[in-house]
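What follows is a short report on a single structure.
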Amino acid sequence: MVKDLTTGSPAKLILMFTLPLILGNVFQQLYLLSDTLLVGRFLGVSALAAVGCSGCLMFLMLGFVFGFTTGLTICTGQRFGAKDMEGMKHSAAACTTLSIVIALITTVIGVAIARPMLELLQTPPEVLEMATTFLSIIFLGIFATMINNTSTNLIRALGNSKTPLYFLMMGCVLNIILEVLFIGGFDWGIKGAGFATVLAQFINGCCCVYYIKKKIPELHFKWSDLKISRSLAWQHLRVGLPMGFQSSIIAIGAIILQVPLNNLGEVAVAAYAAAQKIDMIAVMPLMSFGMAMAAYTAQNYGAGRIDRIKSGVNKCILMSGSFSIFIGIFNIIMGPELIRIFVGEGQQQVVEYGHLYLIVNGSCYLILSLLFIYRFTLQGLGQSIVPTFAGVMELVMRAVAGLFLVDMFGYIGACWANPMAWIGSCLPLMITFYITRKSLLKKFTANDVLKA
């Protein structure tokens with residue numbers, strides 16, 4: 001049920017933790033992928049464009065939720081590594097309380113800004129109503145997303161990456177069934193896609209909470225523990241909020257890019273949306289290796305095993321880097337066939353545009369793999385300033401692409417936004433990691449000498 005990541009082969013531990021995480025993250029993306037696939041094939045290109053226009057705003061709010069809950073549970077993982085069982089229970093209570101509060105706040109904000117933001121992004125008039133409907137439903141379901149992510153991240157913080165996978169698989173199958181039922185059976189249109197996604201997330205989250213209640217006593221706390229102290233709240237918020245804002249900062253860059261992309265027309269928006277879904281699935285293993293490093297690093301940092309963190313990073317770079325090269329080549333070769341899955345036959349221009357996106361992004365996946373490893377490792381150490389700065393760099397690079405490259409080069413300028421952002425973000429993360437590693441090695445070596 002729980003797994004101590006402070007002993008044993010770093011490479012084996014990271015790989016075995018990552019494999020279920022890869023499948024879990026892929027199934028997580030299948031929630032959104034099924035929306036795009038079923039909407040594109042059964043409701044048409046206009047509906048597909050509506051979902052595509054909503055993507056960056058969904059990332060703005062849901063990305064914050066993902067980052068925030070990951071940051072909160074890093075504190076839980078550090079206490080587990082230090083074998084502080086009582087501290088783990090208090091941490092779990094803090095994660096629950098703070099998640100509820102933030103879910104309420106983000107839901108109100110999300111629903112309020114949905115239509116105004118779509119209008120600000122110059123969403124094509126023919127898809128504005130559909131995009132507003134879909135986005136509003138997703139934002140109303142933020143509480144379900146928060147339950148799901150908080151519970152799964154708490155389980156992963158204790159070294160268990162298999163159980164969340166099983167629930168995600170169940171949720172993905174349920175989501176597809178609900179999509180077909182709501183869109184095809186009930187004829188709810190794009191509303192059905194939104195309702196299906198939210199309901200599947202909610203059921204998945206409830207299953208994870210039930211599992212924790214029955215199987216993981218280390219995370220059990222009393223109802224009275226939900227009233228947390230200011231100091232405990234701050235310990236968690238100082239990691240969770242920057243990680244959440246970091247994701248939102250990255251999303252703002254995507255929003256800036258969305259405006260000139262929308263101006264390129266419905267075909268460009270649909271192609272970008274379809275290719276982006278394929279890209280998100282492709283990079284999930286790279287993100288999963290990074291997430292594994294967050295859990296691995298948090299436990300080993302709590303245990304004072306800085307030497308194991310160094311070894312783990314090196315092994316992870318080898319594994320994730322090799323996969324990034326393979327998946328990049330696969331997307332470049334198979335790009336046209338993958339795009340046709342979304343739009344069918346007779347949409348050759350959409351296919352060509354989508355393939356161009358996959359060529360540009362797939363050739364730079366190695367940089368992205370390094371970015372994830374360094375970012376999540378630093379976050380596992382409890383650092384937030386530099387990862388947030390790296391997020392700002394992603395914002396700047398995407399803004400440059402949106403404000404200048406699209407105007408100068410058209411659609412291919414938008415395609416280069418991601419690689420530019422990855423390069424701008426990876427450099428400060430890499431430099432900071434090696435400086436931090438050297439500092440921590442000296443600190444813990446000195447402490448060992450004093451203890452002796």
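The values are calculated or read from the model by the stated rules, or taken from the named source; none is laboratory data. Note that this is a predicted model, so its numbers are computed, not measured. Please note: Cβ atoms are built from the backbone with ideal geometry, for glycine as well, and neighbour counts cover all protein chains shown. In case anyone asks, the SASA skips ligands and DNA or RNA and just uses the protein heavy atoms, side chains included. Shrake-Rupley method; radii C 1.70, N 1.55, O 1.52, S 1.80 Å.
Below are the figures for this structure:
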read-out: Span-rule helices in the chain, defined as complete DSSP H runs reaching 20 Å or more along the axis (Cα) with Kyte mean at least 1.0; value: 10-42, 45-81, 85-120, 125-140, 162-179, 306-343, 365-380, 385-400
read-out: Net lengthening on full extension, residue 42/residue 188 (0.36 nm per residue, minus Cα-Cα); value: 51.4 nm
read-out: Full-stretch length increase - residue 84, residue 330 - with 0.36 nm per residue and alpha-carbon distance subtracted; value: 84.1 nm
read-out: Calculated P(r) tail over 37 Å for the chain, as whole % of Cα pairs; value: 21
read-out: Accessible area per residue, Å², segment 188-333 with all protein chains present, probe 1.4 Å; value: 41
read-out: Accessible surface of segment 273-393 [probe 1.4 Å, protein heavy atoms]: carbon and sulfur percent; value: 68
read-out: Selected from 364, 261, 122, residue furthest toward positive end of dipole (the chain; charges at beta carbon); value: 364
read-out: Coarse-grained scattering of segment 234-349 at q = 0.12, 0.24 Å⁻¹, given as base-10 log I(q)/I(0) from a Debye sum over alpha-carbon atoms; value: -0.67, -1.30
read-out: Carbon plus sulfur fraction of accessible area for segment 1-136, probe 1.4 Å, in percent; value: 71
read-out: Virtual spin-label span in nm between residue 409 and residue 427, 7 Å along Cα→Cβ; value: 1.7
read-out: Potential lengthening between residue 230 and residue 441 on full extension [0.36 nm per residue; Cα-Cα distance subtracted]; value: 72.8 nm
read-out: Accessible area per residue in Å² at 1.4 Å probe, computed on segment 1-159; value: 34
read-out: Cα-centre dipole for segment 336-433 with unit charges at Cβ (Lys and Arg positive, Asp and Glu negative), debye to 20; value: 300
read-out: Members of 89/215; 12/315; 315/438; 3/227; 89/227 lying beyond 20 Å, as alpha-carbon distances in this model show; value: 3/227
read-out: Förster radius 22 Å - calculated FRET efficiency between residue 169 and residue 15, Cβ distance, rounded to 0.05; value: 0.65
read-out: Gyration tensor (alpha-carbon) shape descriptor, segment 93-239, a/c threshold 1.5; value: oblate
read-out: Estimated distance in nm for a label pair at residue 337 and residue 101, the labels positioned 7 Å out from Cα along Cα-to-Cβ; value: 5.2
read-out: Rg/Rh ratio calculated on Cα atoms of segment 309-452 (Kirkwood radius); value: 1.13
read-out: Helix-derived mean residue ellipticity, 222 nm - over the chain, DSSP H n ≥ 4, -39500 (n - 2.57), to 500; value: -30000 deg cm²/dmol
read-out: With every protein chain in place, segment 152-246: carbon and sulfur % of accessible area (1.4 Å); value: 69
read-out: Relative contact order (%) - the chain, alpha-carbon pairs under 8 angstrom, separation at least six; value: 24
read-out: Residue (of 175, 140, 204) at the positive-pole extreme of the chain, dipole from beta-carbon charges; value: 204
